[in-house]
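The values are calculated or read from the model by the stated rules, or taken from the named source; none is laboratory data. Nothing here was measured: the structure is a model prediction, and the numbers come from that model. Virtual Cβ from ideal backbone geometry, glycine too; neighbours counted across all protein chains shown.
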Amino acid sequence: MVAIKTFEKDGKAFPTIELKSGEKSKFGFTFGVSKARLILENYEDIRQFVEDNSAVAA
């Protein structure tokens, strides 16, 4: 589940995205544009990490 939201601080609005594993999930994680950009720049390393460690986390 993905939700796009706006976070306000000191009168400024910042776009954020929240990711959850499902609608009934209590917890997820939220990040803004800077961290989203960092994730995209490192997508292949993240994909490899998941592939290499999926058996451990299953």
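Couple of notes before you dig in:
- Set side by side, the residues Val50, Val56 differ, and just one is out of contact with any Asp or Glu (no Cβ under 6 Å at 6 or more places or on another chain), farther than 16 Å from Val2 by Cα and modelled with pLDDT under 90, which is Val56.
- Within the stretch 8-42, being aromatic (Phe, Trp, Tyr), surrounded by 10 or more Cβ atoms within 10 Å (Cβ to Cβ) and outside any strand (DSSP E or B) holds for no residue.
- Given (1) of a type outside the set (A, V, I, L, M, F, W, C); (2) surrounded by 10 or more Cβ atoms within 10 Å (Cβ to Cβ); (3) not in a strand (DSSP E or B), index of the condition Lys5 fails: (3)
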